[in-house]
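Below you'll find the structure, written out as structure tokens, and then a few comments.
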Amino acid sequence: MTDLALPTAAPTERAAAPALSARPRRSLAYLQAAPLALVFVVFLVIPLVLTGIVSLWEYNEYAIIPALTLQNYADVFDGCLSADLCTTLRTYLSTVKFVALTLAITLPLGFAIAYFLAFHIRSGTVRMGLFLLCTIPFWTSNVIRMISWIPLLGRNGLINDTLRALGLIRQPIEGLLYSDFAVVLAFVHLDTVFMIVPIFNSLARIDRRLIEAARDGGASGAQILWNVILPLAKPGIAIGTIFVTTLVMGDFVTVGVMGGQQIASVGKVIQVQMAYLQFPAAAANAMVLLAAVLLMILGLTRMIDLRREL
Amino acid sequence: MDQPRGRAFYLLAAVFALYVLFLYGPTLTILALSFQGPSGGLTFPMNGVSTHWFAKLWEGVGVVDIWAALRRSLALGLVVMMLTVGIAFYAGLAFRKGFWGAGLVFALAVSSLIVPSIVVSLGIGLEFRLLDDAIKALAAATGWGFLQDHGTLMGLYSSALGAHLTWTLPFGLLIMFAVFNRFDPAYEEAARDLGASGPQTLRHVVVPILAPALVGVALFGFTLSFDELARTSQAIGGRNTLPLELQGLTTTVTTPEIYALGTVTTAVSALVIGTALGLTLWLQKRRARRALAGRT
């Protein structure tokens, strides 16, 4: 996850290879890439196309009926033109609120940590060790990491007990667990790593001589940060933001567990409809979610030329 | 950068320390609480120290066969790991040579990371349901005996496996890109000049050099699969993986048993991560030793 550039064959190698052996090696490349392409076609492209098709089908309590209708989309946006907001719009607003809050915390936090690792740690080994320290929890179970907040945030949890022992509060604070606060906390807990890694990657590639040149030119620390480092960190920031945005937009597990199954989210709506076997309705919601996420990403990529940066 | 440590350093160091505490603190809390005494509850204080809840976990959690779920997750994780290493490695080789449509395949890999997991999961679920419907229709139309009691194609090693690969392969591919970017093709040329065939070069030159990175890909493959939840949720038949069972248990289990389960799963992940990191270090050391030995 460090250098995300498409590797290209070294020109010398290609020139040196005799023309005869070049052809079979080329066809070998197709053979070697085929399994990967096949997995994505069977488990990503076809499923998405089918979701699009099924979202246009009718259904009743027993079965889905292959007959074209726009009713599912009409149901998704039912009542959205009236004065008070429809359920879908309210759910999206709630989810977007979580995205905004999570980004507002993970972005500065992730940047600060990546900056600390990239610029303040001098030894490469220490830097790698601290970097691993930040990423190891990414390889453990998310659900366990959510559950682990219960003894801290619960009604008789460590935080309430400590505050009571200190005499700061009389009654335990109720809204610590199973609330918007808990959901955002869990998102920050789980997703900051997705900011740290790409931003660190961008920062590590900055030529140190640029910073020295800026300092020699008389720039202050803040000016260097704002005019030199931040623009060069943009690709990392954009990739991190895209990751966090899609993770929060499509989430249904964190909102479910940390919200005490009481808070609505788009992912949860889809999950519930699947459970009730309302496949076309779930498919329509999934298409709307996908469109919303893609629009948000499109907005973000306007910030930078992502293709060139990758 | 070689100035004395300024105020910024200490401020950022404090932020970093607090973040690490925030990252590990809660997990360490439940590790401690899983050794809660028999009369203890979900929160502090600890009422004695015991392995009571592990013993209860060993007997099983209610109606859920948690050990079967653990075995399924382990088995699936291993299969996903092997496939991820194999497929990503060969794809990495192909991308290095370049082929028509490389950009498209790369775009697919990136999309696979970006499309929300619930959408991927639902899509795969629908795909398999439609396949089942098609097979049943075929059975009814043809009357072929072997199709008559078709249940479902959905399962651990079909739909769930595919769902996991859409999540592990992009990571594996990105690692292979990073690795091949730094790989010096001179080694391969030297092997070829000495008369090695393609497969020989791969086996005796490329794979040994890339071994640490391949271990890394294996680590990603196993742990991401072992803990995968969102993509599996709609793309698995009746029998759940461990994370799915865990998610269900969060609403029903109100004893430290669930912490004990958390400790067990974290231990499995930690064991895998530790093994992988240790193996990488060992491989690098061995290579360094061999390089030194070769020079003298």
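The values are calculated or read from the model by the stated rules, or taken from the named source; none is laboratory data. What you see is a predicted model; the values in this text were computed from it and never measured. With ideal geometry, Cβ positions are generated from the backbone for all residues, glycine too; neighbour counts draw on all protein chains shown.
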Count of the stretch A:30-75 residues which are touching a residue at least 40 places away in the same chain (Cβ under 8 Å), facing chain B (nearest Cβ under 8 Å) and out of contact with any Leu (no Cβ under 9 Å at 6 or more places or on another chain) = 0
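Can you name the residue in the stretch A:123-137 that is farther than 20 Å from B:Ile258 by Cα and in contact (Cβ under 8 Å) with a residue 24 or more places away in the chain and is also surrounded by the fewest Cβ atoms within 10 Å (Cβ to Cβ) among such residues? Step through it out loud before you land on a result.
Taking the stretch A:123-137 and keeping what is farther than 20 Å from B:Ile258 by Cα, we get A:123-136.
Imposing the further condition that a residue be in contact (Cβ under 8 Å) with a residue 24 or more places away in the chain reduces the set to A:131, A:134-135.
Working: A:Phe131: 19, A:Cys134: 21, A:Thr135: 16.
Here the residue is A:Thr135.
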Does any residue of the stretch A:145-154 turn out to be within 13 Å of another protein chain (Cβ to nearest Cβ), out of contact with any strand residue (DSSP E or B) (no Cβ under 6 Å at 6 or more places or on another chain) and surrounded by fewer than 19 Cβ atoms within 10 Å (Cβ to Cβ)?
-> no
Can we say A:Ala286 is surrounded by 15 or more Cβ atoms within 10 Å (Cβ to Cβ), within 11 Å of chain B (Cβ to nearest Cβ) and modelled with pLDDT of 85 or more?
-> yes
Search the stretch A:202-231 for residues being free of Cβ contacts under 8 Å to residues at least 12 places away in the same chain, small (Gly, Ala, Ser) and part of a helix (DSSP H, G or I), and hand back the single one that is surrounded by the most Cβ atoms within 10 Å (Cβ to Cβ).
-> A:Ala213
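Rundown of residues vs (1) part of a helix (DSSP H, G or I); (2) at pLDDT 85 or above; (3) under 25 Å from B:Ala276 (Cα atoms), yes/no style:
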site: B:Thr29; (1), (2), (3): yes, yes, no
site: B:Phe44; (1), (2), (3): no, no, no
site: B:Val79; (1), (2), (3): yes, yes, yes
site: B:Leu83; (1), (2), (3): yes, yes, yes
site: B:Gly92; (1), (2), (3): yes, yes, yes
site: B:Ser112; (1), (2), (3): yes, yes, no
site: B:Ile118; (1), (2), (3): yes, yes, no
site: B:Gly125; (1), (2), (3): yes, yes, no
Do we find a residue being within 7 Å of chain B (Cβ to nearest Cβ) and in contact with a strand residue (DSSP E or B) (Cβ under 6 Å, 6 or more places away or on another chain) anywhere in the stretch A:251-269?
-> no
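Among the listed residues B:Ile273, B:Ile258, identify the single one that is in contact with a helix residue (DSSP H, G or I) (Cβ under 8 Å, 6 or more places away or on another chain) and either more than 28 Å from B:Gly92 (Cα to Cα) or among the acidic types (Asp, Glu) (or both).
Working: B:Ile273 fails: either more than 28 Å from B:Gly92 (Cα to Cα) or among the acidic types (Asp, Glu) (or both).
Going through B:Ile273, B:Ile258 in turn, the sole match is B:Ile258.
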Positions within the stretch B:247-286 being under 17 Å from the mean Cα position of the chain (by Cα), among the hydroxyl-bearing types (Ser, Thr, Tyr) and surrounded by 19 or more Cβ atoms within 10 Å (Cβ to Cβ), in sequence order | B:Thr265, B:Thr266, B:Ser269
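Of the residues B:Gly198, B:Gly237, B:Gly221, which single one is under 30 Å from B:Phe128 (Cβ atoms), surrounded by fewer than 23 Cβ atoms within 10 Å (Cβ to Cβ) and either within 10 Å of chain A (Cβ to nearest Cβ) or touching a residue at least 60 places away in the same chain (Cβ under 8 Å) (or both)?
Working: B:Gly198 fails: under 30 Å from B:Phe128 (Cβ atoms); B:Gly221 fails: surrounded by fewer than 23 Cβ atoms within 10 Å (Cβ to Cβ).
So the residue among B:Gly198, B:Gly237, B:Gly221 that is under 30 Å from B:Phe128 (Cβ atoms), surrounded by fewer than 23 Cβ atoms within 10 Å (Cβ to Cβ) and either within 10 Å of chain A (Cβ to nearest Cβ) or touching a residue at least 60 places away in the same chain (Cβ under 8 Å) (or both) is B:Gly237.
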When every residue in the stretch B:152-193 that is free of Cβ contacts under 8 Å to residues at least 12 places away in the same chain and outside any helix (DSSP H, G or I) is compared, the one farthest from the other protein chains (Cβ to nearest Cβ) is B:Asp184
Is it the case that the stretch B:256-277 has a residue that's more than 8 Å from chain A (Cβ to nearest Cβ) and part of a loop (DSSP other than H, G, I, E, B)?
-> yes
Pairs, first within 14 Å of another protein chain (Cβ to nearest Cβ) in the stretch B:36-54, second charged (D, E, K, R), C-beta under 9 Å, six or more apart = B:Thr43/A:Arg155; B:Thr43/A:Asp161; B:Phe44/A:Asp161; B:Pro45/A:Asp161; B:Trp53/B:Glu257
Does the stretch B:129-142 contain any residue that is in contact (Cβ under 8 Å) with a residue 12 or more places away in the chain and small (Gly, Ala, Ser)?
-> no
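Residue check: is A:Met274 within 18 Å of the chain's Cα centre (by Cα) and closer than 26 Å to A:Leu48 by Cβ? It would help to see each step written out before you state the result.
Numbers: within 18 Å of the chain's Cα centre (by Cα): no; closer than 26 Å to A:Leu48 by Cβ: yes.
In short, no.
Answer yes or no: is there a residue in the stretch B:68-75 that is part of a helix (DSSP H, G or I), charged (D, E, K, R), surrounded by 19 or more Cβ atoms within 10 Å (Cβ to Cβ) and touching a residue at least 40 places away in the same chain (Cβ under 8 Å). Let's see the steps before the verdict.
Taking the stretch B:68-75 first, the residues part of a helix (DSSP H, G or I) are B:68-75.
If we keep only those that are charged (D, E, K, R) too, we end up with B:71-72.
Cutting the leftovers down to surrounded by 19 or more Cβ atoms within 10 Å (Cβ to Cβ) gives us B:72.
Adding the requirement that they be touching a residue at least 40 places away in the same chain (Cβ under 8 Å) leaves B:72.
Scanning the stretch B:68-75 turns up at least one residue that is part of a helix (DSSP H, G or I), charged (D, E, K, R), surrounded by 19 or more Cβ atoms within 10 Å (Cβ to Cβ) and touching a residue at least 40 places away in the same chain (Cβ under 8 Å).
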Mind listing just one residue for me: the one in the stretch B:21-35 that is of a type in the set (A, V, I, L, M) and facing another protein chain (nearest Cβ under 10 Å) and, of those, farthest from B:Gly262 (Cα to Cα)?
-> B:Leu23
Per the filter on the stretch B:86-122, residues more than 7 Å from chain A (Cβ to nearest Cβ), touching a Leu at 6+ places or on another chain (Cβ under 9 Å) and of a type in the set (Phe, Trp, Tyr) are B:Phe89
Test A:Phe98 against the stated conditions and say whether it is within 11 Å of chain B (Cβ to nearest Cβ) and either assigned to a helix (DSSP H, G or I) or among the small types (Gly, Ala, Ser) (or both).
-> no
